[in-house]
Amino acid sequence: MSIVDNWRDFRNKLDAIANQYARNVSSIRVMAVTKTRSVEEVIEAREAGIAIFGESRVEEASSKFASLDTAIYPLYLVGHLQSNKAASIDARYRGVYSVDSLKIATRLSRYRATIDKALDVLLQVNTSGEKSKFGFVDPVYFTEAAEEIAKMPFLVLRGVMTLAPFVDDERIVRRCFSRCRSWYENIAGCIEGEPILSMGMSSDYQWAVAEGSNLLRLGTAIFGGRQ
C-alpha cells in the first residue's frame with residue numbers, strides 16, 4: 001500500500017477507536033516519525049496530509065531535512081539527545097519532544113538564546129522502569145524539574161511524553177500510559193499553550209487513545225514496514 005493508502009486506512013481506524021473511547025478525533029494529532037525514511041517518503045507523507053515530523057537522531061534529521069523547508073515540514077526531535085549535542089538543535093527545529101533531564105534542558109535553553117529562537121519541549125518520563133529507556137523516573141523530582149524548566153528562557157514547556165514497553169499485554173501498556181497521564185496532570189500549571197500528552201506508536205496507539213493521548217508518534221502505520 002502507498003503512504004496515501006496507509007494514511008487513509010489509519011484515519012478510518014482512528015475514527016473508530018476515538019468513537020469507542022468517547023474521544024473527539026479532531027483533538028488527536030499525528031506526528032510522522034521518519035527515522036530511516038527517505039526524503040521522497042517524507043514529501044509523500046506531507047502531500048497525504050500529515051503536518052508534523054519527528055526524527056530520532058540529530059545526524060539523520062540534519063541531513064534529511066537540509067533540503068526541506070521546515071516551514072512546510074515542521075521538524076521535531078523525538079529521540080534521546082546527548083547534552084553535548086544541544087547546539088545541533090538549530091533554528092530548523094520547532095521542538096525537542098524527548099527532554100529527559102535538567103542538564104539537557106539547561107543546555108538547550110542556553111543555546112537557543114544564542115540564536116534568539118524559542119523551542120517547544122516535551123518532558124520524557126520513564127513509566128515502565130526499563131533501563132533501556134530514558135526519562136524522568138521519580139514523580140516528585142519530575143514535578144520539581146518541570147517547574148524549573150518552565151522558567152527557563154527560550155524553552156516553552158508544552159507537555160509530557162512516554163514510551164510503553166513493546167509488548168502485547170494491554171494491561172501493562174495502559175498502566176504505563178495511565179501513569180504518564182497522572183504525571184502530566186501534576187504539572188498542568190507549568191504547561192504553556194494547548195497541553196500535549198504524547199503517548200502511542202504504531203503498535204499501541206489504540207491503548208494510548210484510550211488513556212487520553214492527544215499526540216501519536218507513528219512510523220510503520222504510515223510508511224509501512226522497513227525494508
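Quick notes on this one:
- Tabulated pairs, segment 142-164, first surrounded by 19 or more Cβ atoms within 10 Å (Cβ to Cβ), second assigned to a loop (DSSP other than H, G, I, E, B) and of a type in the set (A, V, I, L, M), C-beta under 6 angstrom, 6+ apart or interchain: Ala146/Ile187; Leu157/Ala150; Leu157/Ile191; Gly159/Ile191; Thr162/Met199
- Condition met for Arg94 (of a type in the set (D, E, K, R), on the phi < 0 side of the Ramachandran plot and either assigned to a helix (DSSP H, G or I) or surrounded by 23 or more Cβ atoms within 10 Å (Cβ to Cβ) (or both)): no
- Whichever residue in segment 114-158 is part of a helix (DSSP H, G or I) and aliphatic (A, V, I, L, M) and, among such residues, is nearest to Ala188 (Cα to Cα): Ala146
- Selection over segment 176-224 of residues that are outside any helix (DSSP H, G or I) and either within 19 Å of Ile149 (Cα to Cα) or under 14 Å from the mean Cα position of the chain (by Cα) (or both) gives a count of 20.
- Of the residues Val25, Val33, Val78, Val39, the single one that is of a type outside the set (Gly, Ala, Ser), surrounded by fewer than 17 Cβ atoms within 10 Å (Cβ to Cβ), out of contact with any His (no Cβ under 6 Å at 6 or more places or on another chain) and within 19 Å of Met199 (Cβ to Cβ) is Val25.
Computed from the coordinates by the stated procedures, all read-outs in this text should not be read as laboratory data. In this text, all values refer to a predicted model and were calculated from it rather than measured experimentally. Cβ sites come from the backbone with ideal geometry, for glycine too, and all protein chains shown count toward neighbours.
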